1. Out of curiosity, is LYS62 surrounded by 12 or more Cβ atoms within 10 Å (Cβ to Cβ) and in contact (Cβ under 8 Å) with a residue 40 or more places away in the chain?
2. Taking the conditions exactly as written (surrounded by 14 or more Cβ atoms within 10 Å (Cβ to Cβ), among the aromatic types (Phe, Trp, Tyr) and at pLDDT below 95), does TYR47 satisfy them or not?
3. Looking at the range 4-36 only, could you name the residues that are without any contact (Cβ under 8 Å) to a residue 24 or more places away in the chain, closer than 21 Å to ILE57 by Cβ and more than 11 Å from the chain's Cα centre (by Cα)?
4. Those residues that are modelled with pLDDT of 90 or more and surrounded by 13 or more Cβ atoms within 10 Å (Cβ to Cβ), I need them from the range 27-38; list them, please.
5. From TYR47, TYR39, which residue is touching a helix residue (DSSP H, G or I) at 6+ places or on another chain (Cβ under 7 Å) and without any contact (Cβ under 8 Å) to a residue 40 or more places away in the chain?
6. Among the numbered criteria (1) assigned to a helix (DSSP H, G or I); (2) farther than 21 Å from GLY2 by Cβ, which one does ASP34 miss?
Amino acid sequence: MGKREKRREKQERGLLKQAQKHRLRAETEEGRKDTTPDYWLSEADRYEKQARERAEILRKLKGKSTKK
């Protein structure tokens, strides 16, 4: 596995971890003017979307490395 693949896997794990933290905040915190539960959920969705994009790129990278 190359450096790019390792980096993408680490990015994906980190983004999913961030999304999990944001979902937990949406459930536990009351919220303020700019950090309402809806804000935390939208941020979690955004992180999950980025993680899916990273996973797709990783899948393509792994596909290229097996064709050699």
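1. yes
2. When the stated conditions are applied, TYR47 does not pass them.
3. LYS6, ARG7
4. None; the set is empty.
5. TYR47
6. Condition (1) is where ASP34 drops out.
The values are calculated or read from the model by the stated rules, or taken from the named source; none is laboratory data. None of the values given here were measured: they were computed from a predicted structure. No Cβ is skipped: glycine too gets one built from the backbone with ideal geometry, and neighbour counts run over all protein chains shown.
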